[in-house]
Amino acid sequence: MTQWKTLQDGTVHRFLIGVADITGFAAFMKSRTLQETYRFMKDIASLVSAHITKHNGLIISYIGDAVLFLFSEDDVDTGVKAVHELNGLMLDYFQKNGLTNRVTFSLHFGEAVVGKLPPFDTWDIYGEDVNLLFLLEKSQYKGRIILSPQVFRKLSPETRKLFHKFTPPVVYLSD
């Protein structure tokens, strides 16, 4: 989308930073061939990429069964709603394929520097807020959408109704 075309290497921005991770992926792989695993991940990546980009998000990278993505500061509410929809699409995909897997989505709002490191020509992000995102991802709330308080504060009243406060630590979860 247009805002992503204006990113400059080494600049700092405020983003909705997200990571999605499939639960039970190691067990899934044990019962599949490598080719079956690859086809599964290609289907998932196609679904995730199409949905995130359709809603003005940017895929940063795939790391195994996890994906790191961004939405601009102006699209936080849109991004959270898109993730909520994507979660449903992924659960439908799993169910149609006889799988019991779920997805843990962790979302945090904060600053990150964007850049491209050699030899790759794709964006990556760095910063304390990126690290905080991955701490959320390691929480006990596997298979849910986890929002940091920084994200929740930026949501419209309508979007906030999709989540409930849990503590400690303070996070907001989908049902």
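Here, each number is a calculation from the coordinates, and none is a lab measurement. Keep in mind that this is a model prediction, so the values were computed, not measured. Heads up, the Cβs are rebuilt from the backbone with ideal geometry, glycines too, and the neighbour counts pull from every protein chain shown.
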Loop trypsin sites (Lys or Arg not before Pro), the range 80-152, which have at most 11 other Cβ atoms in a 10 Å radius of their Cβ (DSSP): LYS138
Of the DSSP H helices in the chain, those whose Cα atoms cover at least 20 Å axially and whose Kyte score averages -0.5 or more: 34-54, 76-96
Nearest-0.05 FRET efficiency for ARG153 and ASP121, computed from C-beta distance (R0 30 Å): 0.30
Separation in nanometres of the label points that stand 7 Å from Cα toward Cβ, at LYS42 and HIS164: 4.1 nm
Fewest-first ranking of LYS54, LYS30, LYS154, using other Cβ atoms within 10 Å as the exposure measure: LYS30, LYS54, LYS154
The range 2-145 pair-distance distribution - Cα-Cα, 5 Å bins, rounded %: 2, 9, 19, 23, 20, 14, 9, 4, 1
